[in-house]
Amino acid sequence: MALDTAWVTAWINRSTEVISENRVALITLDRDIGDGDHGENMDRGFQAVSTKLDTLSPDATPGDALKLVATTLISTVGGAAGPLYGTAYLKAAAAVGSAPELDGAAIVALLTAARDGIVLRGKAESGDKTMVDAWTPAVEAAEIAQQAGSSEVEILAAAADAAEAGAVATEPLVARKGRASYLGERAIGHRDPGAQSSALLLRAAADTAAGE
Ligand SMILES: [Mg+2]
């Protein structure tokens, strides 16, 4: 589908479904190395986002939709994830400006701005066992795909693949940020819940762009 406001809405509504389906899995991951609230917080936040998106004006741009996602997540998702994802969608909204439809360069700009927002807010680096470990490979893969002349759908698929691999790659890491950092080597063998939810959100972007 064209990457317009209808796509952003489809992406976010798919995100809500996928987060809901993975609620227990995310709770379990966060219970292993955090406080167990990630699945519940994300599910509540995205349910609120989908409700809010129903009120979006018909002439809203993709950027308007992303901004609505951001403000809703900031006000409904507790823990660390609300401000982090809220900042991500807010920066993504700013990056796409008022364009009615997003091309490959705009998608790369959206992903880059989201990742930069998360880094700015959470002050985490690659290898800290956080959602940055899903987002940075996703941004890099998207850039490579875009420079190779790939379609928007292919760029988003490359980003989703890299985010999933990045989430898996957090398993052997010791955490250097957040609650999991208190566990030291006991965090080894557990996937970071924020990296996992990030991979789910990016797969939802790719699947809806591909019309799946
Ligand atoms: Mg938590």
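The values are calculated or read from the model by the stated rules, or taken from the named source; none is laboratory data. Remember, predicted model here, so these are calculated numbers, not experimental data. Virtual Cβ from ideal backbone geometry, glycine too; neighbours counted across all protein chains shown. Surface accessibility is based on the protein's heavy atoms, side chains included, excluding ligands, DNA and RNA. Shrake-Rupley method; radii C 1.70, N 1.55, O 1.52, S 1.80 Å.
For the chain, what is the number of Lys pairs with C-alpha distance below 21 angstrom, counting only pairs 8 or more positions apart or on separate chains?
Numbers: Lys52/Lys67; Lys52/Lys91; Lys67/Lys91; Lys91/Lys123; Lys123/Lys177; Lys129/Lys177.
Going through the chain pair by pair, I get 6.
Helix 132-147: angle to the longest alpha-carbon principal axis of the chain, degrees 0 to 90, nearest 10?
It works out to around 40 degrees.
I'd like to know which of Leu73, Gly39, Asn22 lies farthest towards the positive end of the charge dipole of the stretch 12-75, counting +1 on Cβ of Lys and Arg and -1 on Cβ of Asp and Glu.
Value computed over the given set: Leu73.
Considering the options Leu53, Ile12, Gly189, tell which one lies farthest towards the positive end of the dipole of the chain, charges being +1 on Lys and Arg and -1 on Asp and Glu at the Cβ, about the Cα centre.
The Cα lying farthest towards the positive end belongs to Gly189.
By how many degrees, between 0 and 90 and to the nearest 10, does the Cα long axis of helix 62-76 differ from the longest principal axis of the chain?
It is inclined by approximately 30 degrees.
On the accessible surface of the chain, probed at 1.4 Å, how many percent belong to carbon and sulfur atoms? Spell out each step's value before the answer.
Working: 4700 of 8950 Å².
The nonpolar share, carbon plus sulfur, comes to 52 percent.
What translational D, rounded to a whole number of µm²/s, comes out for the stretch 3-209 from Stokes-Einstein when the hydrodynamic radius is the Kirkwood one over Cα pairs, at 20 °C and 1.002 mPa s?
Numbers: Rh = 16.5 Å.
After rounding, the answer is 130 µm²/s.
Could you tell me the accessible area of Glu164 in Å² (1.4 Å probe, neighbours in place), rounded to the nearest ten?
Approximately 70 Å² for this residue.
Only four residue types carry charge here, +1 at the Cβ of Lys and Arg and -1 at the Cβ of Asp and Glu. Report the dipole size of the chain about the Cα centre in Debye, rounded to the nearest 20. Please report the intermediate quantities before stating the final value.
Values: 17 positive and 29 negative charges, 157 e Å.
The dipole of the chain has a size of about 760 debye.
Do any trypsin sites (Lys or Arg not before Pro) in the stretch 164-208 lie in a DSSP loop with no more than 16 other beta carbon atoms within 10 Å, and if so, which? If you can, show how the numbers build up before the last one.
Working: sites: Arg176, Lys177, Arg179, Arg186, Arg191, Arg203; in loops: Arg176, Lys177, Arg191.
For trypsin sites (Lys or Arg not before Pro) across the stretch 164-208 that sit outside H, G, I, E and B with at most 16 neighbouring Cβ atoms in 10 Å, the list reads Arg176.
Would you calculate a helix-derived [θ] at 222 nm for the chain, using -39,500 (n - 2.57) for each DSSP H run of n ≥ 4 and dividing by the full residue count, to the nearest 500? All intermediate terms of the calculation are to be shown ahead of the outcome.
On the way: 9 runs with 144 residues, N = 212.
It lands at -22500 deg cm²/dmol.
Ranked highest first by the average count of other Cβ atoms within 10 Å around their residues, in what order do 49-60, 115-126 fall?
Per-residue mean Cβ counts within 10 Å order the peptides as 115-126, 49-60.
For the stretch 12-28, what does the Karplus curve 6.51 cos²θ - 1.76 cosθ + 1.60, with θ = phi - 60°, yield as ³J(HN,Hα) per residue in whole Hz, taken in order and with x for Gly and Pro?
Karplus values, whole Hz, x for Gly and Pro: 5, 5, 5, 4, 4, 4, 5, 5, 4, 4, 9, 4, 5, 4, 6, 4, 5.
Work out the length of the dipole vector of the stretch 86-162 about its Cα centre, built from +1 on the beta-carbon of each Lys and Arg and -1 on the beta-carbon of each Asp and Glu, and round it to the nearest 20 debye.
Working: 5 positive and 11 negative charges, 81 e Å.
Once rounded to the nearest 20, the dipole reads 380 debye.
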